[in-house]
Amino acid sequence: MADVPQHGLATRLSHAGRAGTKAHGFVNPAVHRGSTVLYEDVAQRRAYLKRRFDQALTYGTQGSATHHALEDVVAEVEGGTRCQILCSGLAAVTTPLLGYLGAGDHLLMPDSVYGPTRLFCETMLKRMGVATSYYRAEATAEELAPLFGRQTRVLFLESPGSHTFEVQDVPALAALARSRGAAVLMDNTWGIHAFQPFAHGVDVSIQALTKYPGGHSDVLIGSATTREDAHWRRVRDAALQLGQYASPDDCWLTLRGLRTMAVRLDRQMASGLEVAAWFARQPEVARVLHPALPGAPGHALWQRDFSGACSLFGVAFQPDITVEATHCFVDALTLFGIGASWGGYESLALPTTGFVQRSAGEMAFAGPIVRFHIGLEDPADLIADLKQAALVVGWSGVPSAAHEGRHAPSDPSV
(Lines give C-alpha, C1' and ligand atoms only; values in the text may rest on other atoms or scores of the structure.)
Protein backbone atom coordinates (compact mmCIF):
# COMPACT_ATOMS: atom_id res chain seq x y z
CA MET A 1 0.00 0.00 0.00
CA ALA A 2 1.68 3.17 -1.21
CA ASP A 3 0.01 5.39 1.37
CA VAL A 4 0.87 3.25 4.44
CA PRO A 5 3.76 5.49 5.61
CA GLN A 6 1.27 8.38 5.95
CA HIS A 7 -0.76 6.43 8.50
CA GLY A 8 -0.24 6.39 12.25
CA LEU A 9 1.52 3.61 14.12
CA ALA A 10 -1.64 1.84 15.25
CA THR A 11 -2.98 1.73 11.68
CA ARG A 12 0.29 0.42 10.27
CA LEU A 13 0.50 -2.26 12.96
CA SER A 14 -3.03 -3.36 12.08
CA HIS A 15 -2.50 -3.59 8.31
CA ALA A 16 1.16 -4.33 7.56
CA GLY A 17 2.31 -7.87 6.84
CA ARG A 18 -1.07 -9.28 5.76
CA ALA A 19 -2.94 -9.67 2.48
CA GLY A 20 -5.14 -6.60 2.94
CA THR A 21 -8.78 -5.70 3.41
CA LYS A 22 -9.85 -6.66 -0.12
CA ALA A 23 -8.33 -10.14 -0.15
CA HIS A 24 -10.48 -13.24 0.33
CA GLY A 25 -9.45 -15.41 3.25
CA PHE A 26 -8.62 -15.25 6.94
CA VAL A 27 -7.48 -11.94 8.43
CA ASN A 28 -4.29 -13.38 9.94
CA PRO A 29 -1.49 -15.00 7.92
CA ALA A 30 -1.12 -18.74 8.39
CA VAL A 31 1.66 -20.47 10.29
CA HIS A 32 4.02 -22.07 7.77
CA ARG A 33 6.13 -24.84 9.33
CA GLY A 34 8.68 -26.78 7.37
CA SER A 35 12.28 -27.68 6.64
CA THR A 36 12.44 -29.25 3.18
CA VAL A 37 11.31 -27.33 0.10
CA LEU A 38 10.51 -29.09 -3.18
CA TYR A 39 10.93 -27.70 -6.71
CA GLU A 40 9.33 -28.42 -10.05
CA ASP A 41 12.72 -29.05 -11.63
CA VAL A 42 16.46 -28.40 -11.15
CA ALA A 43 16.33 -25.15 -13.10
CA GLN A 44 13.77 -23.73 -10.68
CA ARG A 45 15.95 -24.72 -7.71
CA ARG A 46 18.99 -23.04 -9.23
CA ALA A 47 16.98 -19.87 -9.85
CA TYR A 48 15.73 -19.76 -6.27
CA LEU A 49 19.20 -20.34 -4.79
CA LYS A 50 20.43 -17.18 -6.49
CA ARG A 51 17.83 -15.17 -4.56
CA ARG A 52 19.39 -15.53 -1.10
CA PHE A 53 18.65 -11.90 -0.23
CA ASP A 54 15.04 -12.09 -1.31
CA GLN A 55 12.08 -13.63 0.48
CA ALA A 56 12.66 -16.80 -1.50
CA LEU A 57 11.47 -20.18 -0.26
CA THR A 58 14.51 -22.47 -0.50
CA TYR A 59 14.96 -24.18 2.87
CA GLY A 60 13.47 -23.81 6.34
CA THR A 61 16.36 -21.72 7.70
CA GLN A 62 15.84 -19.18 4.92
CA GLY A 63 12.48 -18.33 6.47
CA SER A 64 8.88 -18.87 5.45
CA ALA A 65 5.91 -16.70 4.64
CA THR A 66 5.28 -16.43 8.40
CA HIS A 67 8.78 -15.05 8.98
CA HIS A 68 8.47 -12.69 6.04
CA ALA A 69 5.17 -11.25 7.28
CA LEU A 70 6.73 -10.45 10.66
CA GLU A 71 9.84 -9.00 9.01
CA ASP A 72 7.67 -6.73 6.89
CA VAL A 73 5.80 -5.39 9.93
CA VAL A 74 8.95 -4.74 11.97
CA ALA A 75 10.65 -2.98 9.04
CA GLU A 76 7.51 -0.87 8.62
CA VAL A 77 7.47 0.12 12.31
CA GLU A 78 11.15 1.05 12.40
CA GLY A 79 11.24 2.79 9.05
CA GLY A 80 13.89 0.49 7.59
CA THR A 81 14.26 -1.34 4.30
CA ARG A 82 14.70 -4.98 5.32
CA CYS A 83 14.48 -6.99 8.53
CA GLN A 84 16.04 -10.25 9.67
CA ILE A 85 14.19 -12.24 12.33
CA LEU A 86 16.40 -14.01 14.87
CA CYS A 87 15.82 -16.48 17.68
CA SER A 88 16.19 -14.05 20.63
CA GLY A 89 16.97 -10.47 21.55
CA LEU A 90 20.55 -11.42 22.37
CA ALA A 91 20.93 -13.14 18.98
CA ALA A 92 19.73 -9.90 17.40
CA VAL A 93 22.72 -8.21 19.06
CA THR A 94 25.39 -10.83 18.47
CA THR A 95 24.55 -11.76 14.87
CA PRO A 96 25.02 -8.25 13.39
CA LEU A 97 28.19 -7.77 15.47
CA LEU A 98 29.59 -10.97 13.95
CA GLY A 99 28.57 -9.72 10.53
CA TYR A 100 30.64 -6.54 10.87
CA LEU A 101 33.60 -7.54 13.03
CA GLY A 102 36.65 -9.76 12.54
CA ALA A 103 40.11 -10.32 13.95
CA GLY A 104 41.95 -7.04 14.52
CA ASP A 105 38.83 -4.89 14.49
CA HIS A 106 37.77 -2.44 17.18
CA LEU A 107 34.29 -1.95 18.67
CA LEU A 108 32.98 1.00 20.70
CA MET A 109 30.35 -0.03 23.25
CA PRO A 110 28.42 2.15 25.75
CA ASP A 111 29.26 1.39 29.36
CA SER A 112 25.55 1.11 30.21
CA VAL A 113 24.96 -1.72 27.76
CA TYR A 114 22.80 -4.80 28.42
CA GLY A 115 24.82 -7.26 30.51
CA PRO A 116 24.76 -10.23 28.07
CA THR A 117 25.99 -7.91 25.30
CA ARG A 118 28.98 -6.95 27.45
CA LEU A 119 29.62 -10.62 28.22
CA PHE A 120 29.64 -11.43 24.50
CA CYS A 121 32.24 -8.70 23.94
CA GLU A 122 34.39 -9.94 26.81
CA THR A 123 34.31 -13.59 25.77
CA MET A 124 33.57 -14.59 22.19
CA LEU A 125 34.60 -11.34 20.50
CA LYS A 126 37.77 -11.19 22.57
CA ARG A 127 38.66 -14.76 21.58
CA MET A 128 38.11 -13.75 17.95
CA GLY A 129 40.64 -10.94 18.31
CA VAL A 130 38.11 -8.09 18.41
CA ALA A 131 38.96 -5.31 20.85
CA THR A 132 36.14 -3.53 22.69
CA SER A 133 36.38 -0.10 24.30
CA TYR A 134 33.63 1.06 26.65
CA TYR A 135 32.62 4.69 26.69
CA ARG A 136 30.38 6.76 28.94
CA ALA A 137 26.86 6.56 27.53
CA GLU A 138 26.40 10.30 28.14
CA ALA A 139 29.53 11.16 26.13
CA THR A 140 29.27 13.90 23.52
CA ALA A 141 30.64 13.42 20.02
CA GLU A 142 33.64 15.56 20.97
CA GLU A 143 34.35 13.35 23.99
CA LEU A 144 33.92 10.15 22.01
CA ALA A 145 36.03 11.17 18.98
CA PRO A 146 39.44 10.32 20.52
CA LEU A 147 38.34 6.70 21.08
CA PHE A 148 37.97 6.06 17.35
CA GLY A 149 40.94 4.38 15.73
CA ARG A 150 41.90 3.12 12.29
CA GLN A 151 40.39 -0.29 13.08
CA THR A 152 37.12 0.96 14.60
CA ARG A 153 34.43 -0.78 12.58
CA VAL A 154 31.31 -0.43 14.74
CA LEU A 155 29.84 2.14 17.09
CA PHE A 156 27.19 0.45 19.23
CA LEU A 157 24.42 2.46 20.87
CA GLU A 158 21.80 1.53 23.45
CA SER A 159 19.51 4.40 24.31
CA PRO A 160 18.20 4.49 26.97
CA GLY A 161 20.60 2.19 28.82
CA SER A 162 19.22 -1.09 30.18
CA HIS A 163 19.40 -0.39 33.92
CA THR A 164 20.33 3.25 34.42
CA PHE A 165 18.50 4.71 31.40
CA GLU A 166 21.09 7.11 30.00
CA VAL A 167 19.81 8.76 26.80
CA GLN A 168 22.44 9.09 24.08
CA ASP A 169 22.77 11.88 21.53
CA VAL A 170 22.22 9.45 18.68
CA PRO A 171 22.29 11.90 15.74
CA ALA A 172 25.61 13.45 16.84
CA LEU A 173 27.28 10.14 17.66
CA ALA A 174 26.04 8.52 14.43
CA ALA A 175 27.37 11.43 12.37
CA LEU A 176 30.76 11.03 14.04
CA ALA A 177 30.83 7.31 13.30
CA ARG A 178 29.89 7.90 9.69
CA SER A 179 32.72 10.40 9.29
CA ARG A 180 35.14 7.72 10.58
CA GLY A 181 33.80 4.97 8.34
CA ALA A 182 32.19 2.95 11.15
CA ALA A 183 28.77 1.31 11.05
CA VAL A 184 26.20 2.34 13.67
CA LEU A 185 24.32 -0.47 15.40
CA MET A 186 21.68 0.38 18.01
CA ASP A 187 19.65 -1.59 20.50
CA ASN A 188 16.32 0.24 20.11
CA THR A 189 14.16 -2.08 22.21
CA TRP A 190 13.05 0.61 24.71
CA GLY A 191 11.98 2.97 21.93
CA ILE A 192 10.50 0.58 19.36
CA HIS A 193 7.40 2.74 18.90
CA ALA A 194 8.88 6.10 19.88
CA PHE A 195 12.31 6.43 18.24
CA GLN A 196 12.94 6.33 14.49
CA PRO A 197 16.53 5.02 14.29
CA PHE A 198 17.17 5.52 10.58
CA ALA A 199 16.03 9.12 10.66
CA HIS A 200 18.75 9.69 13.27
CA GLY A 201 21.64 8.03 11.40
CA VAL A 202 21.53 4.42 12.60
CA ASP A 203 22.49 1.66 10.14
CA VAL A 204 21.13 -1.41 11.97
CA SER A 205 18.34 -1.27 14.54
CA ILE A 206 18.16 -4.18 16.98
CA GLN A 207 15.02 -5.30 18.77
CA ALA A 208 14.27 -7.81 21.49
CA LEU A 209 10.83 -8.58 20.06
CA THR A 210 10.41 -10.69 23.18
CA LYS A 211 9.41 -7.49 24.99
CA TYR A 212 6.53 -5.25 23.83
CA PRO A 213 5.94 -6.81 20.38
CA GLY A 214 5.34 -10.24 21.91
CA GLY A 215 3.76 -8.55 24.89
CA HIS A 216 2.67 -11.64 26.80
CA SER A 217 5.93 -13.02 28.25
CA ASP A 218 5.63 -16.27 26.32
CA VAL A 219 8.03 -15.95 23.39
CA LEU A 220 11.76 -15.42 22.76
CA ILE A 221 12.56 -13.65 19.48
CA GLY A 222 14.59 -10.76 18.06
CA SER A 223 15.11 -8.71 14.92
CA ALA A 224 17.72 -6.67 13.11
CA THR A 225 16.39 -4.06 10.67
CA THR A 226 18.65 -2.21 8.26
CA ARG A 227 18.81 1.21 6.65
CA GLU A 228 19.90 0.06 3.19
CA ASP A 229 20.73 -2.99 1.10
CA ALA A 230 24.47 -3.09 1.85
CA HIS A 231 23.81 -3.40 5.58
CA TRP A 232 21.04 -5.91 4.98
CA ARG A 233 23.42 -8.18 3.09
CA ARG A 234 25.90 -8.18 6.00
CA VAL A 235 23.23 -9.03 8.55
CA ARG A 236 21.49 -11.58 6.33
CA ASP A 237 24.76 -13.34 5.47
CA ALA A 238 25.75 -13.58 9.13
CA ALA A 239 22.34 -15.00 10.05
CA LEU A 240 22.46 -17.62 7.29
CA GLN A 241 26.04 -18.65 8.06
CA LEU A 242 25.26 -19.01 11.77
CA GLY A 243 22.08 -20.96 11.08
CA GLN A 244 20.08 -18.36 12.97
CA TYR A 245 16.42 -19.28 12.87
CA ALA A 246 13.28 -18.42 14.79
CA SER A 247 10.35 -20.81 15.10
CA PRO A 248 7.44 -19.92 12.78
CA ASP A 249 5.12 -20.40 15.77
CA ASP A 250 7.08 -17.74 17.69
CA CYS A 251 6.94 -15.48 14.64
CA TRP A 252 3.17 -15.92 14.48
CA LEU A 253 2.75 -15.16 18.19
CA THR A 254 4.89 -12.04 17.84
CA LEU A 255 2.95 -10.93 14.78
CA ARG A 256 -0.26 -11.31 16.77
CA GLY A 257 1.23 -9.33 19.66
CA LEU A 258 2.30 -6.49 17.37
CA ARG A 259 -1.30 -5.90 16.28
CA THR A 260 -2.14 -4.57 19.77
CA MET A 261 1.25 -3.13 20.72
CA ALA A 262 0.30 0.52 20.14
CA VAL A 263 -2.70 0.26 22.47
CA ARG A 264 -0.72 -1.55 25.16
CA LEU A 265 2.18 0.87 24.99
CA ASP A 266 -0.09 3.91 25.26
CA ARG A 267 -1.61 2.47 28.43
CA GLN A 268 1.71 1.31 29.86
CA MET A 269 3.44 4.62 29.14
CA ALA A 270 0.72 6.53 31.01
CA SER A 271 0.74 4.09 33.92
CA GLY A 272 4.54 4.09 34.02
CA LEU A 273 4.67 7.87 34.27
CA GLU A 274 2.04 7.87 37.01
CA VAL A 275 4.00 5.36 39.08
CA ALA A 276 7.31 7.10 38.35
CA ALA A 277 5.85 10.42 39.49
CA TRP A 278 4.73 8.77 42.73
CA PHE A 279 8.26 7.48 43.34
CA ALA A 280 9.69 10.94 42.65
CA ARG A 281 7.68 12.35 45.58
CA GLN A 282 8.95 9.86 48.14
CA PRO A 283 11.59 11.02 50.66
CA GLU A 284 13.44 7.69 50.37
CA VAL A 285 14.01 8.26 46.63
CA ALA A 286 16.99 10.27 45.42
CA ARG A 287 16.19 10.17 41.70
CA VAL A 288 13.81 8.51 39.27
CA LEU A 289 15.54 7.30 36.12
CA HIS A 290 12.74 7.75 33.60
CA PRO A 291 13.74 9.80 30.54
CA ALA A 292 10.15 10.97 29.91
CA LEU A 293 9.83 12.43 33.41
CA PRO A 294 10.58 16.18 33.50
CA GLY A 295 13.69 16.83 35.57
CA ALA A 296 14.99 13.30 35.14
CA PRO A 297 18.42 12.62 33.54
CA GLY A 298 18.28 12.65 29.74
CA HIS A 299 14.86 14.29 29.57
CA ALA A 300 15.95 17.05 27.16
CA LEU A 301 17.32 14.53 24.63
CA TRP A 302 14.25 12.35 25.05
CA GLN A 303 12.01 15.34 24.40
CA ARG A 304 13.97 16.21 21.26
CA ASP A 305 14.26 12.72 19.71
CA PHE A 306 11.41 10.55 21.03
CA SER A 307 7.68 10.65 20.38
CA GLY A 308 6.80 8.57 23.44
CA ALA A 309 8.12 6.22 26.09
CA CYS A 310 7.70 2.69 27.34
CA SER A 311 7.06 1.61 30.92
CA LEU A 312 10.55 0.55 32.05
CA PHE A 313 12.47 2.84 34.43
CA GLY A 314 14.78 2.84 37.41
CA VAL A 315 14.57 4.23 40.93
CA ALA A 316 17.75 5.36 42.71
CA PHE A 317 17.21 5.45 46.46
CA GLN A 318 18.82 7.77 49.00
CA PRO A 319 22.34 6.90 50.27
CA ASP A 320 21.01 6.02 53.74
CA ILE A 321 18.72 3.34 52.27
CA THR A 322 20.52 -0.01 52.36
CA VAL A 323 20.55 -2.58 49.57
CA GLU A 324 18.98 -5.05 51.99
CA ALA A 325 16.11 -2.63 52.64
CA THR A 326 15.34 -2.38 48.91
CA HIS A 327 15.35 -6.19 48.73
CA CYS A 328 12.83 -6.34 51.59
CA PHE A 329 10.75 -3.70 49.81
CA VAL A 330 10.66 -5.76 46.61
CA ASP A 331 9.88 -8.94 48.55
CA ALA A 332 6.91 -7.19 50.22
CA LEU A 333 5.27 -6.31 46.90
CA THR A 334 2.30 -8.47 45.94
CA LEU A 335 1.47 -7.25 42.41
CA PHE A 336 5.05 -7.01 41.12
CA GLY A 337 6.90 -10.13 40.05
CA ILE A 338 10.68 -10.38 40.52
CA GLY A 339 11.99 -10.98 37.01
CA ALA A 340 14.67 -9.87 34.58
CA SER A 341 12.54 -9.33 31.50
CA TRP A 342 10.04 -6.58 30.67
CA GLY A 343 7.52 -5.52 28.04
CA GLY A 344 4.83 -8.01 29.06
CA TYR A 345 1.41 -7.33 30.52
CA GLU A 346 2.64 -7.88 34.09
CA SER A 347 4.54 -5.51 36.40
CA LEU A 348 8.04 -6.42 37.58
CA ALA A 349 10.57 -5.17 40.12
CA LEU A 350 14.26 -6.06 39.93
CA PRO A 351 17.03 -4.89 42.30
CA THR A 352 20.07 -4.13 40.12
CA THR A 353 22.70 -2.85 42.56
CA GLY A 354 25.61 -5.28 42.55
CA PHE A 355 24.59 -6.77 39.23
CA VAL A 356 25.49 -3.86 36.92
CA GLN A 357 29.07 -3.61 35.67
CA ARG A 358 30.80 -0.37 34.72
CA SER A 359 34.34 0.16 33.41
CA ALA A 360 34.32 3.70 31.96
CA GLY A 361 33.74 5.53 35.24
CA GLU A 362 31.71 5.19 38.40
CA MET A 363 27.93 5.36 38.30
CA ALA A 364 26.75 8.64 39.81
CA PHE A 365 24.31 7.01 42.23
CA ALA A 366 25.09 6.99 45.93
CA GLY A 367 22.18 4.72 46.87
CA PRO A 368 20.84 1.38 45.63
CA ILE A 369 18.80 1.06 42.43
CA VAL A 370 15.68 -0.97 41.62
CA ARG A 371 14.33 -1.33 38.08
CA PHE A 372 10.56 -1.33 37.57
CA HIS A 373 8.43 -2.43 34.65
CA ILE A 374 4.80 -1.30 34.72
CA GLY A 375 2.31 -3.65 33.13
CA LEU A 376 -1.39 -3.40 32.38
CA GLU A 377 -2.66 -3.41 35.96
CA ASP A 378 -4.56 -0.43 37.32
CA PRO A 379 -1.88 2.10 38.34
CA ALA A 380 -3.83 2.98 41.51
CA ASP A 381 -3.53 -0.65 42.60
CA LEU A 382 0.20 -0.69 41.84
CA ILE A 383 0.76 2.49 43.86
CA ALA A 384 -1.25 1.05 46.76
CA ASP A 385 0.96 -2.03 46.64
CA LEU A 386 4.10 0.14 46.68
CA LYS A 387 2.74 2.07 49.67
CA GLN A 388 2.06 -1.05 51.70
CA ALA A 389 5.52 -2.44 50.88
CA ALA A 390 7.09 0.86 52.00
CA LEU A 391 5.26 0.60 55.32
CA VAL A 392 6.42 -3.00 55.74
CA VAL A 393 10.07 -1.89 55.61
CA GLY A 394 9.47 1.15 57.78
CA TRP A 395 9.46 3.88 55.13
CA SER A 396 6.90 6.62 55.35
CA GLY A 397 5.32 6.09 51.94
CA VAL A 398 4.18 9.72 52.27
CA PRO A 399 5.93 12.62 50.49
CA SER A 400 7.50 15.32 52.59
CA ALA A 401 7.02 18.98 51.68
CA ALA A 402 10.59 19.13 50.35
CA HIS A 403 9.96 16.22 48.01
CA GLU A 404 6.42 17.04 46.89
CA GLY A 405 6.36 17.45 43.13
CA ARG A 406 10.05 16.74 42.57
CA HIS A 407 10.52 15.42 39.00
CA ALA A 408 6.74 15.10 38.76
CA PRO A 409 5.38 15.65 35.24
CA SER A 410 3.67 18.98 34.73
CA ASP A 411 1.49 17.37 32.09
CA PRO A 412 0.32 13.77 32.79
CA SER A 413 0.00 13.17 29.05
CA VAL A 414 3.72 13.85 28.39
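The values are calculated or read from the model by the stated rules, or taken from the named source; none is laboratory data. Predicted, not measured: the structure shown is a model, and the values here were computed from it. Virtual Cβ from ideal backbone geometry, glycine too; neighbours counted across all protein chains shown.
Here is how the numbers come out for the structure above:
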| item | result |
| --- | --- |
| Residue selected from the stretch 92-126 under the condition within 24 Å of T164 (Cα to Cα) and polar (S, T, N, Q), by the criterion surrounded by the most Cβ atoms within 10 Å (Cβ to Cβ) | S112 |
| Extreme residue, surrounded by the most Cβ atoms within 10 Å (Cβ to Cβ), among residues of the stretch 68-86 that are acidic (D, E) and in contact with a Ser or Thr (Cβ under 8 Å, 6 or more places away or on another chain) | E78 |
| Residues within the stretch 285-308 that are assigned to a loop (DSSP other than H, G, I, E, B), touching a helix residue (DSSP H, G or I) at 6+ places or on another chain (Cβ under 9 Å) and crowded, with 21+ Cβ neighbours inside 10 Å, tallied | 5 |
| The stretch 8-30 - residue that is over 26 Å from the mean Cα position of the chain (by Cα) and surrounded by 12 or more Cβ atoms within 10 Å (Cβ to Cβ) and, of those, modelled with the highest pLDDT | A30 |
| The listed residue being crowded, with 22+ Cβ neighbours inside 10 Å and out of contact with any strand residue (DSSP E or B) (no Cβ under 7 Å at 6 or more places or on another chain), out of F336, F317, F313, F329 | F329 |
| Residue within the stretch 347-362 that is closer than 16 Å to V393 by Cα and touching a Ser or Thr at 6+ places or on another chain (Cβ under 7 Å) present | yes |
| Test result for A276, in the same structural domain as I374 (by TED's automatic domain parsing), in a helix (DSSP H, G or I) and either on the phi > 0 side of the Ramachandran plot or in contact with a His (Cβ under 7 Å, 6 or more places away or on another chain) (or both) | yes |
| Residue check for S217: in the same structural domain as E71 (by TED's automatic domain parsing), in contact with a Gly (Cβ under 8 Å, 6 or more places away or on another chain), buried (at least 24 other Cβ atoms within 10 Å of the Cβ) and of a type in the set (G, A, S) | no |
| Total residues in the stretch 31-61, condition polar (S, T, N, Q), at pLDDT 80 or above and part of a loop (DSSP other than H, G, I, E, B) | 3 |
| Given (1) closer than 30 Å to T132 by Cα; (2) touching a strand residue (DSSP E or B) at 6+ places or on another chain (Cβ under 7 Å); (3) modelled with pLDDT of 95 or more, index of the condition T81 fails | (3) |
| Whichever residue in the stretch 141-159 is out of contact with any strand residue (DSSP E or B) (no Cβ under 8 Å at 6 or more places or on another chain) and either of a type in the set (A, V, I, L, M, F, W, C) or closer than 25 Å to T95 by Cα (or both) and, among such residues, is surrounded by the most Cβ atoms within 10 Å (Cβ to Cβ) | A141 |
| Lone qualifier among G60, G89, G34 - being exposed (fewer than 13 other Cβ atoms within 10 Å of the Cβ) and touching a Ser or Thr at 6+ places or on another chain (Cβ under 7 Å) | G34 |
| Members of the stretch 211-266 found to be aliphatic (A, V, I, L, M) and in a loop (DSSP other than H, G, I, E, B), listed by number | V219, L220, I221, A246 |
| Candidates G295, G337, G367, G314 - the one that is closer than 30 Å to L253 by Cα, touching a residue at least 60 places away in the same chain (Cβ under 8 Å) and of a type outside the set (D, E, K, R) | G314 |
| Residue match in the stretch 174-190 (condition: within 23 Å of C87 (Cβ to Cβ), touching a Gly at 6+ places or on another chain (Cβ under 8 Å), in the same structural domain as Q84 (by TED's automatic domain parsing) and in contact (Cβ under 8 Å) with a residue 40 or more places away in the chain) | yes |
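For (1) of a type in the set (G, A, S); (2) in contact with a Leu (Cβ under 6 Å, 6 or more places away or on another chain), each residue gets a yes or a no:
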{"position": "R227", "(1), (2)": "no, no"}
{"position": "R234", "(1), (2)": "no, no"}
{"position": "T254", "(1), (2)": "no, yes"}
{"position": "G272", "(1), (2)": "yes, no"}
{"position": "A276", "(1), (2)": "yes, yes"}
{"position": "P294", "(1), (2)": "no, no"}
